[in-house]
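The next block holds one structure in the form of structure tokens; read it before the comments.
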Amino acid sequence: FDLQNNSLNSSIPSELGFCTNLTHLDLNANHLEGKIPSSIGQLRELRYLDLRNNFLNSSIPSELGFCTNLTYLALASNKLNGELPLSLSNLNNINELGLSENHLTGPILPSLISNWTEVESLQLQNNKFSGNIPAEIGLLTKLNYLFLNNNNFSGSIPSEIGNLKDLKKLALSGNQLSGPIPMTLWNLTNIKTVYLFFNNLTGMIPPEIENMVSLEEFDADTNHLYGELPGTISRLTKLKSFSVFTNNLSGSIPRDFGRYSPNLSILRLSNNSFTGELPPELCSGSALEELSVGDNNFSGSLPKCLRNCSKLQKVAVGHNQFTGSITNSFGIHPNLNSVFLSNNQFVGEISPELGECESLNRLLMDRNKISGQIPPELGKLSKLAELILDSNDLSGYIPAQLGNLGLLYKLNLSKNHLTGDIPKSLSDLTKLELLDLSENNLIGNIPIELGKFEKLSTLNLSHNNLFGQIPPDLGNLPLQYLLDLSSNSLSEPLPADLAKLIRLEILNVSHNHLSGSIPETFSKMVSLVGIDFSYNNLTGPIPTGAIFRKVPANAFLGNDGLCGDTEGLTPCNSNHGKSNKISKVLLALLVSSCVILVIATTSTAAVLKFSRKSKLKETESPRMSESFDLGIWGRYGKFTFGAIVNATENFDEKYLIGKGGFGSVYKAMLGRGKVVAVKKLNISDSSDIPKINCQSFENEIRTLTEVRHRNIINLYGFCSWRDCLYLVYEYAERGSLRKVLYGTEEREAELGWSTRVKIVQGLAHAIAYLHNDCSPPIVHRDVTLNNILLEKGFVPRLSDFGTARLLSTDSSNWTSVAGSYGYMAPELAFTMRVTDKCDVYSFGVVALEIMMGRHPGELLSSLSVSLTENAELLLKDLLDQRLRPPPGQSAAAVASVVTMALACTRTNAESRPTMDFVAKELSSARTQAKLSAPFGMITINKLASFQNQKNF
Ligand SMILES: *[C@@H]1O[C@H](CO)[C@@H](O)[C@H](O)[C@H]1NC(C)=O
Ligand SMILES: *[C@@H]1O[C@H](CO)[C@@H](O)[C@H](O)[C@H]1NC(C)=O
Ligand SMILES: *[C@@H]1O[C@H](CO)[C@@H](O)[C@H](O)[C@H]1NC(C)=O
């Protein structure tokens, strides 16, 4: 009975049970829903049952156990739930059993599987099975394929798996398996594929791996494996893919690795502690497609054979200590897609041959010692999207041919020795979003053509020798984040047209020779949160608009002719000469890094004062004064600050795992497997500050340590020492969402649609909890991708909550604005009043970014201008194009997330929904609603206007 690939949409009729002679039933790929009828147990002759790819949502009926003649049972890709009935143990003829992609739960009991001695293929992956993998699995000696991946199995891998001598493929990845890999496993001489990644496995990879003589694919990434790779891996002659990234492996790679593995095409060693040089014969088979060894301590040069690998697709070797010359490293690789050499000490020149690698999409060579000129041949790379060459020793002109890179959206050539003009042709880069040419020796005028970019959001031309007028045309740019023209020799008055940059957040024209007055119209730049006019020849009154009343006086420093009512400036009607009295109380406000906005000046200072009071004598080893000893409240026992100092070797760089809005974060392993993240807030700048009350500060932190929610990172405690404040948090395995979403690593494909939706849901619940269930309510203030950490299973955990509040006691002050630009609610620029609606906005930006796979800045600005302009922008085109469009069930959820996110990012704070509303709306019940139109036809306009009709 074969009805596969139809559109049957009913449930399976129980009358099927009357067909007692049926031997073969195939209903694969229909729209069947509801239960598998228990009458199926009457089909005693059934040998072949295929119900895959339907919407069956019951549990598996125990009557199925009567069908003892079944040899083929395929129920994959339904919504089956519940535990496996024990009666299935009667299926002692079963040969292939496939239950993958369901919601099945419970343990796999030994008695269930012991009789399946004929089974050759057992596929239980992508369910919610839990408990140990039973040792009885070793009885199924005919197994060729064993897939238990992506469940919740725990415990160790039973050594009995070593009995499965015919095993060809073993997938145990994506569970919570721990302990070492059993020695018996290494004796599986027929095994070709071993997937162990995403577990908690420990131990070493032993020399016995050489017994796996058929091994083609070995993937054990993201575990806790340690030790060196055994020399015997060089003898795996069939090896195609070897992947052990994100472990604790060390030592050097066996010198002859690759010599006897001519098919080696994928090698992923990133994010370990490997040292030494890459083996010279790594790619001697010329089959290499991917070389990912970033984030280690490798030195030496890239293997010479790389040049001959015509199939090469990806070379990721960033963040090591490579020193060799790259001049001849690359040949012509038609499939080469990405090259990441960032942050090494590579020397040599950029080879013109890279211009022949026609698939190249990302070329990142920043922070090396690469010299010579930028080859004009790079202009031929018609697919290039990112060209990042900053912080090298490049010289010569910027080739005009770069203007041909039609898909380029990021161009960073800063911190080199480039000379000559800025080529006008760059304005042909219509997709460009970031242009950074700062810190070079560029001369000449700013070409008026630069006003033509259609998508540019960040422009940094600072620290060059540019002169002449600032072209008024720059006012036509869609800039959002940054316009930095500082430290050049620009002269003449500021063009009034710059006031058209109403979405600009940071404007820096300091250290030039600008004259005339600051146009009154600049008050219209309502998004500004950072301004610097200092060290020019500006005169006259500063604009009277609201935003200018909050600008700190040092933004005007060094302009003797400026006057105004701002504290520190000479009032315009004063007779007391021109001297500026800039209050020492204020610190330099302007942004010091390109991502992070400055936090509270006075309040940072306040903390400083507080920490100074508690500061100890400069002793060599840290000692805690009593009230500031690192207290751990709650169920985690106690540990001392000294333990953290030891574990991080006094906050050595190598333990640095990130830099957030408010400081650096270190990973500290505290013995007995306990790992914590320590945030170090450096508050060593000095100033005169009002006192704050230590006791209330400590109480504040205590409140934060009591915040408990499954989507919020626990704060264990704090301590202050030597002008630094340390906050100790729970450690999250996978690091920040930003890293995962944009990682150069292999993980990006893992973030499928349903995972992304779950992350957004979890985040919504976390923020709603802070707003509604905490007393007093907590406004996070800095919801960004960096502050969302991911655990195993991609469970999101919000971090850094409350830090902003700790650091700003006086929120009526301009300087207390906290947050990261691109995520900050627009009203913060002028009201300075931080409300929970600011978090709602940031949440919306983050949710959109998760769905789009890139920052939604451009979308938001075009939506804020007009809805009709986007009339035909389709949802499907907006979504992250690295993934395939979401399938049926996910599509409705994705549409619902985007709808909510658009509501959250409305310019008018009042009309944004509350976080509570959002969390409820996104909760699973609603997101499972059916789509009202075919997915491919849904427009953004429709989603955005849907929210317009709603009254939150
Ligand atoms: C099943 O399909 C038929 C024919 O296309 C349609 O009329 C009916 O509404 C569908 N039923 C359900 C429950 O979707
Ligand atoms: C199973 O699907 C049917 C039909 O679509 C639905 O009515 C029922 O509520 C679902 N049951 C469960 C437990 O989800
Ligand atoms: C612009 O570039 C300069 C030099 O590279 C850098 O110091 C500065 O921080 C950048 N501006 C901003 C606001 O990021």
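Taking the condition of being within 14 Å of N508 (Cβ to Cβ) and part of a loop (DSSP other than H, G, I, E, B), how many residues in the stretch 458-474 meet it? Selection size over the stretch 458-474: 5. So, of the residues in the stretch 222-279 that are among the basic types (K, R) and out of contact with any Leu (no Cβ under 8 Å at 6 or more places or on another chain), which turns out to be surrounded by the most Cβ atoms within 10 Å (Cβ to Cβ)? Among them, the one singled out is R268. For the stretch 416-457, filtering for residues that are within 31 Å of the chain's Cα centre (by Cα) and assigned to a loop (DSSP other than H, G, I, E, B) leaves 15.
So that you can scan it fast, the table gives a plain yes or no per residue for (1) out of contact with any Ser or Thr (no Cβ under 6 Å at 6 or more places or on another chain); (2) in a strand (DSSP E or B):
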{"site": "G294", "(1), (2)": "no, no"}
{"site": "L302", "(1), (2)": "no, no"}
{"site": "R307", "(1), (2)": "yes, no"}
{"site": "S310", "(1), (2)": "yes, no"}
{"site": "V315", "(1), (2)": "yes, yes"}
{"site": "H319", "(1), (2)": "yes, no"}
{"site": "I332", "(1), (2)": "yes, no"}
{"site": "L354", "(1), (2)": "yes, no"}
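Against the criterion of being within 28 Å of H319 (Cα to Cα), touching a strand residue (DSSP E or B) at 6+ places or on another chain (Cβ under 9 Å), crowded, with 22+ Cβ neighbours inside 10 Å and among the aliphatic types (A, V, I, L, M), L405 qualifies. Go over the candidates G285, G331, G324, G294 one by one and state the one that is among the small types (G, A, S) and either free of Cβ contacts under 8 Å to residues at least 12 places away in the same chain or surrounded by 21 or more Cβ atoms within 10 Å (Cβ to Cβ) (or both). Exactly one of G285, G331, G324, G294 is among the small types (G, A, S) and either free of Cβ contacts under 8 Å to residues at least 12 places away in the same chain or surrounded by 21 or more Cβ atoms within 10 Å (Cβ to Cβ) (or both), namely G294. Scanning the stretch 443-464 for residues that are among the hydrophobic types (A, V, I, L, M, F, W, C) and crowded, with 23+ Cβ neighbours inside 10 Å turns up I446, F453, L456, L459, L461. The criterion of being closer than 20 Å to E827 by Cα, in a loop (DSSP other than H, G, I, E, B) and either modelled with pLDDT under 90 or not acidic (D, E) (or both) holds for L504. From the list S87, S7, S100, the one residue that fits, being outside any loop (DSSP other than H, G, I, E, B), away from ligand 3 (no atom under 16 Å from the Cβ) and not hydrophobic (A, V, I, L, M, F, W, C), is S87. When L25, L46, L32, L75 are checked against the criterion of being farther than 21 Å from L148 by Cβ, within 16 Å of ligand 2 (Cβ to nearest atom), touching a strand residue (DSSP E or B) at 6+ places or on another chain (Cβ under 9 Å) and aliphatic (A, V, I, L, M), L32 stands alone in meeting it. When the stretch 30-45 is filtered for residues that are exposed (fewer than 15 other Cβ atoms within 10 Å of the Cβ), within 16 Å of ligand 1 (Cβ to nearest atom) and not in a strand (DSSP E or B), only H31 remains. Listed by first and then second residue, the pairs linking a residue in the stretch 427-447 that is touching a residue at least 60 places away in the same chain (Cβ under 8 Å) to a residue that is in a loop (DSSP other than H, G, I, E, B) and within 16 Å of ligand 3 (Cβ to nearest atom), with Cβ atoms under 7 Å apart and 6 or more places separating them unless they lie on different chains, are E433/L456; E433/S457. Sub-7 Å Cβ pairs linking a first residue in the stretch 1-29 that is closer than 14 Å to N53 by Cβ and within 16 Å of ligand 1 (Cβ to nearest atom) to a second residue that is among the acidic types (D, E) and modelled with pLDDT of 95 or more, at least 6 apart or interchain, are L3/D26; L27/D50, ordered by first then second residue. So is F298 outside any loop (DSSP other than H, G, I, E, B) and aromatic (F, W, Y) or not? Yes; evaluated as a whole, the condition is true for this residue.
The values are calculated or read from the model by the stated rules, or taken from the named source; none is laboratory data. On a predicted model such as this, the values are computed, not experimentally measured, just so you know. We place every Cβ from the backbone using ideal geometry, glycine too, and count neighbours over all the protein chains shown.
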